[in-house]
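The next block holds one structure in the form of structure tokens; read it before the comments.
The values are calculated or read from the model by the stated rules, or taken from the named source; none is laboratory data. Being a predicted model, the structure only gives us computed values, none of them experimental. Reconstructed Cβ throughout: ideal geometry from the backbone, glycine too, with neighbour counts over all protein chains shown.
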Amino acid sequence: MRRIVILGGGMTGLALAFLRNQNPAPGDDILVLEEGPQAGGSIRTLHEEGLVLEAGPHTLRTTAAAERLISALDLQDDLLVTDPRTPRWIVRGGRARKVVPGPSSLLTTAVPFGARMRALKEPFVPSRTASLADESVHDFFGRRFGPGVARWVAGPLVSGVWADDPKTLSARSAFPALWEAEGRAGSVLRGLLNSPKPPGPRFHSRTVSFREGLASLPDRLVARSQRAGVRVELNAEVLGIEGPFDGEDGGGIWKIQIADGTVYPADTLVSTLDTTAVASLFESRLPRSAPRLSAMSYSRLAVVLQAFRPEREKDAPHGFGLLVPRGEGLRSLGILYLSSLFPDRVPGDVALTTSFFGGALDPSLPDLTEGGLLKLAEAEVRSLHPALGPRIHDRVLKWPAALPRLPIGHHATLDLLAQDLAEINAGSERPRLVVTGSWRDGLGLGERIARAEELAPTL
Ligand SMILES: Cc1cc2nc3c(=O)[nH]c(=O)nc-3n(C[C@H](O)[C@H](O)[C@H](O)COP(=O)(O)OP(=O)(O)OC[C@H]3O[C@@H](n4cnc5c(N)ncnc54)[C@H](O)[C@@H]3O)c2cc1C
């Protein structure tokens with residue numbers, strides 16, 4: 001019997017357990033250990049007052065692997081798909097300005113005219129020198145597309161997606177496709193236009209959720225996996241890991257101890273945990289990388305969900321949501337318009353907004369009381385949408401460690417981790433230890449599922 005233990009019951013751990021179990025090797029025994037009382041990790045769907053609300057991720061941008069998983073779980077009929085032309089908004093000069101995805105985005109007034117003209121010269125900007133191993137997102141966009149794009153596009157994007165500081169976030173690790181495009185073609189735009197096409201029909205990514213919210217995905221994964229014999233243990237905080245042993249006594253290569261004292265043996269161990277947990281649980285086993293992983297930090301966020309009842313439909317916010325460059329007078333990092341994104345699951349007379357606060361550039365804001373955060377969120381939403389009508393529901397949630405902050409040079413830490421893992425796994429037909437996570441190989445839910453699909457057959 002081969003015992004596979006997966007640490008963490010978020011999107012990655014659950015998808016991996018399910019996918020591995022779809023084609024199990026004879027005798028596979030799969031166990032997921034999750035410290036929380038529910039599975040799903042960052043996915044946090046709430047059902048309150050007849051509303052479907054999201055306190056974590058709001059949308060899933062599909063990869064081919066995510067589309068396959070949704071089909072395998074028979075969730076296609078529950079799928080809600082956003083219109084790809086749904087506009088985004090960026091605040092500039094105190095006004096929300098529209099950005100419609102596609103070529104017409106070049107006409108947006110969210111970015112000043114001169115800055116747009118400078119961005120078009122990107123293909124003629126000399127390529128980076130070989131000695132530049134990494135730089136900040138701010139410097140990368142400034143160098144390639146000009147300071148206007150760095151300020152008005154990259155800045156709010158980094159706030160909205162990573163809740164990080166564009167002047168410290170690694171361009172190479174946070175935007176690998178853009179970094180590689182420049183490396184390949186000497187220009188980001190040329191590199192993207194001429195990127196090698198994968199074989200097979202062209203894949204069209206979609207931005208989706210489900211009728212009952214994103215939690216449908218982890219819920220269905222748990223139900224199907226358990227039915228097929230996978231064990232998912234909740235309230236099972238992993239406190240200590242011993243090993244690797246030679247495993248010849250049948251006691252497993254690893255021994256994993258959880259909070260209630262139970263010790264589980266494992267032949268293959270997969271960590272989907274954050275950098276802090278990986279560094280402390282594996283410390284001496286990862287001599288090169290653990291000190292660097294333990295020095296990494298996570299951004300803190302507060303999320304304020306509000307439901308309003310505007311008198312007229314046209315007074316409700318329309319579009320994907322709004323990004324706020326720093327220095328524009330608002331403290332929201334961004335505001336998502338959930339009712340406009342997925343109108344089919346929201347009563348017609350209700351407008352839902354989600355405001356995000358905190359992140360690396362405003363780290364103490366989540367310390368405000370819930371009342372203080374609510375007041376701020378309401379004032380900022382109403383300043384942009386004055387005729388929203390009465391607020392009929394609200395909820396404030398805090399994320400003490402929301403998103404990994406990837407420092408400049410993060411790729412070197414990952415290289416050291418790869419060396420540590422190669423040493424642990426040397427000479428073994430199947431890996432003894434696998435480490436994955438949004439800090440290593442992709443932040444978005446679609447990417448997390450793609451990683452799980454890649455890893456499943458290798459365990
Ligand atoms: C507020 C917020 C908004 C986001 N918005 C989006 C979005 O709109 N779209 C998108 O694609 N992505 C979004 N993301 C990112 C995305 O949600 C995450 O990258 C993804 O969910 C990570 O999944 P994971 O399984 O790799 O990690 P996690 O979800 O972090 O799962 C890891 C699990 O490990 C458990 N764990 C930790 N320590 C231990 C331990 N010692 N023992 C046992 N278990 C442990 C945790 O409880 C957790 O459940 C958002 C994230 C946040 C926080």
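The set of residues in the stretch 271-318 that are farther than 13 Å from residue 435 by Cβ and aliphatic (A, V, I, L, M) comprises 295, 296, 301, 302, 303, 304, 305, 307, 316. Is it the case that some residue within the stretch 65-87 is near the ligand (Cβ under 9 Å from one of its atoms) and not β-branched (Val, Ile, Thr)? The answer is no; no qualifying residue exists.
The residue that is farthest from residue 157 (Cα to Cα), among those in the stretch 337-347 that are among the hydrophobic types (A, V, I, L, M, F, W, C) and part of a loop (DSSP other than H, G, I, E, B), is 346. Filtered by the rule that a residue be surrounded by 16 or more Cβ atoms within 10 Å (Cβ to Cβ) and more than 13 Å from the ligand (Cβ to nearest atom), the stretch 47-56 gives 51, 52.
Of the residues 172, 206, 202, the single one that is closer than 27 Å to residue 66 by Cα, touching a His at 6+ places or on another chain (Cβ under 6 Å), not assigned by TED's automatic domain parsing to the domain that holds residue 37 and not hydroxyl-bearing (Ser, Thr, Tyr) is 172.
The single condition among (1) within 16 Å of the ligand (Cβ to nearest atom); (2) closer than 28 Å to residue 2 by Cα that residue 429 does not satisfy is (1).
Taking the stretch 348-459 and the helices (runs of 4 or more DSSP H) fully enclosed by it, the elements with 2 or more residues that are more than 30 Å from residue 48 (Cα to Cα) are at 410-425, 438-441, 445-455. The lone criterion from (1) within 16 Å of the ligand (Cβ to nearest atom); (2) hydrophobic (A, V, I, L, M, F, W, C); (3) surrounded by 18 or more Cβ atoms within 10 Å (Cβ to Cβ) left unmet by residue 137 is number (1). Within the stretch 422-457, the residues that satisfy the criterion of being over 20 Å from the mean Cα position of the chain (by Cα) and without any contact (Cβ under 8 Å) to a residue 60 or more places away in the chain are 422, 423, 425, 426, 427, 428, 429. From the list 404, 386, the one residue that fits, being under 24 Å from the mean Cα position of the chain (by Cα) and either at pLDDT 95 or above or farther than 23 Å from residue 439 by Cα (or both), is 404. Of the strands (runs of 3 or more DSSP E) that lie entirely inside the stretch 24-89, those containing 1 or more residues that are over 24 Å from residue 206 (Cβ atoms) span 28-33, 45-48. Restricting 295, 279 to residues that are under 22 Å from residue 451 (Cβ atoms), among the aliphatic types (A, V, I, L, M) and either under 27 Å from the mean Cα position of the chain (by Cα) or within 16 Å of the ligand (Cβ to nearest atom) (or both) narrows the list to 279.
Considering the stretch 251-336, the qualifying strands (runs of 3 or more DSSP E), each wholly inside and each with 3 or more residues that are crowded, with 23+ Cβ neighbours inside 10 Å, run over 268-271, 298-308, 321-323, 334-336. Can residue 304 be described as aliphatic (A, V, I, L, M) and more than 10 Å from the ligand (Cβ to nearest atom)? Criteria met by residue 304.
When the stretch 6-41 is filtered for residues that are away from the ligand (no atom under 12 Å from the Cβ) and at positive phi, only 27 remains. Only residues that are of a type in the set (A, V, I, L, M), under 26 Å from the mean Cα position of the chain (by Cα) and surrounded by fewer than 18 Cβ atoms within 10 Å (Cβ to Cβ) were counted across the stretch 208-250, and they come to 3. No other residue among 2, 44 is basic (Lys, Arg), modelled with pLDDT under 95 and either within 15 Å of the ligand (Cβ to nearest atom) or farther than 17 Å from residue 210 by Cα (or both) apart from 2.
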